[in-house]
1. In the range 79-95, what count of residues is obtained for those that are touching a Leu at 6+ places or on another chain (Cβ under 8 Å) and touching a residue at least 40 places away in the same chain (Cβ under 8 Å)?
2. If you go through the range 79-88 one residue at a time, do you hit one that is in contact with a helix residue (DSSP H, G or I) (Cβ under 8 Å, 6 or more places away or on another chain), within 16 Å of the ligand (Cβ to nearest atom) and of a type in the set (Asp, Glu)?
3. What helices (runs of 4 or more DSSP H) completely inside the range 4-75 contain at least 2 residues that are surrounded by 16 or more Cβ atoms within 10 Å (Cβ to Cβ) and modelled with pLDDT of 95 or more?
4. Give me the pairs, please: first residue somewhere in the range 110-131 and over 14 Å from Phe146 (Cβ atoms), second residue anywhere and modelled with pLDDT under 90, beta-carbon distance under 8 Å, and either six or more positions apart or on two chains.
Amino acid sequence: MKQAAKLLNVAYNTFKKYAKLYEVFDPSKSNVGISRGISGGVKQPELSNIFAGNQPTYSTTKLLHRCFREGYLKEECSNCGEERYRASDMSKPLMLDYMDDDSTNKELINLRVLCFNCFFIMKGKRLKVKQPRNIREFQKATANLFSSE
Ligand SMILES: [Zn+2]
């Protein structure tokens, strides 16, 4: 997990929060995923390749951070302009939204940045998050992200 954070060029705690949000955080799986050490790491596909539709299953989180780093997307909510850093970990509560709700459509024109607030307000209903369990977990994750203890 630390290697994954390094790979994404984000603070470990930030990574952990997002990983938990997307339910992929699992430190016990230490022998799978990204190899430890400095053996070259995982080869990243070019962003242009992803935009061209050649990597439909590419990680949304990675894509967002790479779009920020490589200047394709602005680090602010495209709806309300939210761009403040959270004091707790100096990261921004932003996420990547697929305008057509199709997460395999990674064309740049289909991507926009939303804060968690706007995402929930604009997409919550359309994405039909039905199961109470999902909602509870989403609220918990959101509360964690915004808490600044
Ligand atoms: Zn917003």
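1. 3
2. yes
3. Details: elements: 12-21, 47-51, 60-69.
Of the helices (runs of 4 or more DSSP H) lying wholly inside the range 4-75, those with at least 2 residues that are surrounded by 16 or more Cβ atoms within 10 Å (Cβ to Cβ) and modelled with pLDDT of 95 or more span 47-51, 60-69.
4. From the range 110-131, the pairs are Leu114/Met122; Leu114/Lys123; Val129/Ile135; Val129/Phe138.
Residues checked against (1) at pLDDT 90 or above; (2) exposed (fewer than 11 other Cβ atoms within 10 Å of the Cβ); (3) polar (S, T, N, Q):
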position	(1), (2), (3)
Ser91	no, no, yes
Met95	yes, no, no
Ser103	yes, no, yes
Glu107	yes, no, no
Leu111	yes, no, no
Pro132	no, yes, no
Asn144	no, no, yes
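The values are calculated or read from the model by the stated rules, or taken from the named source; none is laboratory data. Every value quoted in this text rests on a predicted model; they were computed, and no experiment measured them. When we count neighbours, we look across all protein chains shown, and the Cβ atoms used for this are built from the backbone with ideal geometry, even at glycine.
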